[in-house]
Amino acid sequence: MCKYYPYLQKVCEAFPDLVPLLQMKPFLSVMHAKGHSGICEVQWGGRNQEGAGMTVGEEVEQVNYFLSRVGLMTKCMTKSDMITLQARGWNMRKKSNLHEYLSQRYVKIMKRTREMEQEVEALKVELGKTEVELQQWVTDVKDWAAATPNDISPDDAPGLQRVMEGLAPSIQQKKVDKYRQTDSNKARQRIQTKIAKDKTKLSQAMDFYNRLVSAEDAVGPVDVILAAECPLWPWDMEAYM
């Protein structure tokens, strides 16, 4: 989605007849968003989209998984329409059970909403912030993600700052999720591969940035930044002074 939707916007600029396609809502499923950068997850992730609720965005994958098993079992049978019958059966079962499913989802979402409201109230008390200030933080994060370039430009200091600010917490979060949200070595290996790639990008962005600024304003090394719970960047220190 992070590649397709910007491409679609460029195409619509060249071909005005395709502008109605932009009425689509770009949505990156929750599970797929975990494999993207933090910037991409903020901008395109389903949990950050208005009206998405608590859906995981994997409904299509669920039916595809079911039909893939059907294909393995029926590929040597003589009836060529067996998969069609199974797909129709899937739709019928989903329709007949839809009222129970929606009721369960409603109860779960309402419970989760109350829990999140309590967490937000506790956070406001702990930080001494108001609802307006918390909403402004959310807006600032979204604006930051939208303004961060997808590619690393070696001569764009503000862009490199935003890239580093996005990669560092994303790597830290993936390290936490590596053992907390996975139960197989295969899944952990995928996360570790993503961590290694992001660390390479972070190191490259730091090298480019250090070439543009003085030694006093240089950042790094990578391991020191990632070891800090809340990294304080040189440009942040200037804002506090």
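Every read-out reported here was derived from the displayed coordinates using simple, explicitly stated rules and does not represent laboratory data. It should be emphasised that the depicted structure is a prediction, and the values quoted were computed from it without experimental measurement. For neighbour counting, all protein chains shown are included, and Cβ atoms are generated from backbone atoms with ideal geometry for every residue, glycine included.
Key figures
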| read-out | value |
| --- | --- |
| Calculated diffusion of the chain, Stokes-Einstein form, Kirkwood radius summed over Cα pairs, 20 °C and 1.002 mPa s, µm²/s | 98 µm²/s |
| Three-way shape call for the range 148-241 based on the alpha-carbon gyration tensor, with the a/c threshold at 1.5 | prolate |
| Translational D in µm²/s for the range 96-206 (Stokes-Einstein at 37 °C, 0.692 mPa s, Kirkwood Rh from C-alpha pairs) | 186 µm²/s |
| Bins of 5 Å from zero: percent of alpha-carbon pairs in the range 1-57 | 4, 20, 26, 19, 15, 11, 4, 0 |
| Between helix 82-96 and the chain: long-axis angle, C-alpha atoms, 0 to 90°, nearest 10 | 80 degrees |
| Helix axis angle, 185-212 relative to the chain longest principal axis, alpha carbon, degrees | 30 degrees |
| Cβ-Cβ FRET estimate between Thr84 and Ala228, R0 fixed at 45 Å, reported to 0.05 | 0.20 |
| Reach of Lys95 by Cα under 16 Å, taken over aspartates and glutamates that are not fewer than 8 positions away in the same chain | Glu59 |
| Förster-model FRET efficiency, 30 Å R0, Gln204 and Glu13, C-beta, rounded to 0.05 | 0.45 |
| Order of Leu167, Leu202, Leu98 - criterion: other Cβ atoms within 10 Å of each residue's Cβ, fewest first | Leu98, Leu202, Leu167 |
| Normalised per residue, the volume of the convex hull around the Cα set of the range 182-229 (Å³) | 70 Å³ |
| Structure-based [θ]222 nm, the chain - -39500 (n - 2.57) summed over DSSP H runs of at least 4, per residue, nearest 500 | -22500 deg cm²/dmol |
| Of Pro158, Pro20, Pro221, the one that fluctuates the most in a GNM where the chain has Cα springs shorter than 10 Å | Pro20 |
| Cα-Cα over 19 Å, subset of Lys108/Lys175; Lys174/Lys197; Lys175/Lys197 | Lys108/Lys175 |
| Residues Ala122 and Met54, FRET efficiency given R0 of 22 Å [Cβ-Cβ distance, rounded to 0.05] | 0.60 |
